[in-house]
1. Whole-Å semi-axes of region 11-72's equivalent ellipsoid, largest first, each the root of 5 times a Cα gyration tensor eigenvalue?
2. Roughly how tilted is helix 115-124, in degrees to the nearest 10 and between 0 and 90, from the longest Cα axis of the chain?
3. Across region 262-277, in residue order, what do the Karplus-derived ³J(HN,Hα) couplings come to in whole Hz, using 6.51 cos²θ - 1.76 cosθ + 1.60 with θ = phi - 60° and x for Gly and Pro?
4. Which percent, nearest 5, of DSSP beta bridges in the chain are antiparallel?
5. Averaged over every viewing direction, what's the projected area of the C-alpha convex hull for region 17-139? Give it in nm², one decimal, please.
6. Jot down the per residue volume, in cubic angstrom and as a whole number, of the convex hull over the alpha-carbon atoms of region 229-365.
7. Multiply the residue gap between Asp186 and Arg63 by 0.36 nm, knock off their C-alpha separation, and tell me the result in nm, one decimal place.
8. Using the beta-carbon distance between Leu100 and Gln200 and R0 = 25 Å, what value does 1/(1 + (r/R0)^6) give for FRET efficiency, to the nearest 0.05?
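Taken together, the values in this text are just the output of simple stated rules run on the coordinates, not laboratory data. Remember, predicted model here, so these are calculated numbers, not experimental data. Backbone-built Cβ (ideal geometry, glycine too); neighbour counts: all protein chains shown.
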Amino acid sequence: MSEHCWLQAMSDLSSQSEAGKYGIQSDKDLTTFNTLGFAAEAAFFAEVESVDSCRQLLAYARRQGWLVYVLGGGSNLVLQGRLPGLTLRMVNRTLEYKELGGHRVQVRVGAGMLWHDLVMATAEAELAGLENLALIPGCAGAAPVQNIGAYGVELADTLVSVEAVRVADNTPVIFSAAQCCLSYRDSIFKRPEYGVGGDQQVVITHLTLELTRNGPLTLEYGELKSLYRQEVTPLRVAEAVSDIRRSKLPDPTQLGNAGSFFKNPVVSQSIADRLRCHHPDMPCYPAEPGYSKLAAGWLIDRCGFRGMRTGPVGVYPNQALVLVHYGGGNAGMLLDLAEQICRKVQDVFGICLEREPVVFKGDTL
Ligand code: FAD
Ligand code: NAP
């Protein structure tokens, strides 16, 4: 063996043992790590249990010159191909309560905890605030990324702060709720500089929320209104929301999907009024002053896509906002269908739909 080959072999060995120290696996199959169920792979993959190990792993990734992809439950992601660099997943599932006096209770949760487990744990503790967000798939760490929301409630209503580690220099950072810039299914964490390879990219490690004992419940959304007539508790609302969702939405373990594929468009009142003249039955909800929110599912349905199937991908028959993967397809096919839907909605209604899930595009498998 030449001296150069010998040195290379020694360096490979030491890098392998260092990678082993951080629990890094290579060529990891990610097919079961995304709820659309597309075949995908990570060049390197690691699960992380603590802030310290997150910081060490990020320092190692930086020494290797790797890009870093952060994965939660993969329920708001379109994964395509082989992701280069490191794919990292927080699996810290801690839950701490702090009484603040009065009816206020602060809850600090690890990013790796399943969101629905957090909702049920707090509802069982008779704390109000998260019950309408029951059965949203994924992990707590992803919740601020798109300011998750359902049935008239969003994370912004209870979020106090987000703890994270910055990828560029593996230092811990804390964002107040205001600094997260949460808005309708959006936050600072969706901006390009916070995305893969961005200089502000972070790994979220904990959230702190403020909930209330005997706090007010939000029951204005159609199917929840009937609960007004009953004796309601946060737990009862969480169970009712879970029942409604089970009856309406496809279970990702049975049929691949990433929930709503498009955001509901928020348009100026004048655009909404003009559309209403031509389509008097079009649903329209109040948004900020001067604006209205339209139901993207209704627009897509009216364009004839509901229940449509093109080979392995299609539009869910019970809710046109959900694109589904029947098996054997790939991300490219789904993104083509999404593009086709956007073009048609633009032609018919003059409305530009915005995609909700994040796309991680890797190298060809
Ligand atoms: P992933 O899909 O793994 O990641 C999403 C994004 O967050 C990626 O950019 C990822 O890099 C980033 N991310 C994840 N974890 C971290 C972390 N620790 N640090 C930094 N970045 C991170 N959403 C709603 O808002 N309301 C709903 O009612 C709703 N219903 C749904 C129903 C179904 C059936 C499905 C499949 C999805 C639904 N969603 C809904 C979308 C999705 O569940 C949420 O957006 C969820 O918060 C995504 O969590 P996740 O852990 O799966 O994130
Ligand atoms: P739905 O009740 O059929 O309503 C269709 C749309 O109309 C919803 O998207 C909702 O907007 C809006 N809407 C209904 N009633 C409203 C009201 N009283 N005030 C304001 N807006 C109203 O919707 P669904 O598909 O069964 O979903 C129910 C809830 O779960 C919704 O809040 C939805 O956002 C949430 N959800 C989200 C995802 C996701 O992936 N993001 C997936 C499934 C369900 P909003 O979306 O703004 O609430």
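1. Ellipsoid half-lengths, sorted descending, are 22, 14, 10 Å.
2. Helix 115-124 sits roughly 60 degrees off the main axis of the chain.
3. 10, 7, 6, x, 9, 10, 5, 4, 5, 5, 4, 4, 4, 5, 4, 4
4. Beta bridges within the chain, antiparallel portion: roughly 75 percent.
5. Over every viewing direction, the Cα hull of region 17-139 projects on average to 8.7 nm².
6. 162 Å³
7. Taking Asp186 through Arg63 to full extension adds about 41.1 nm, to one decimal.
8. 0.25
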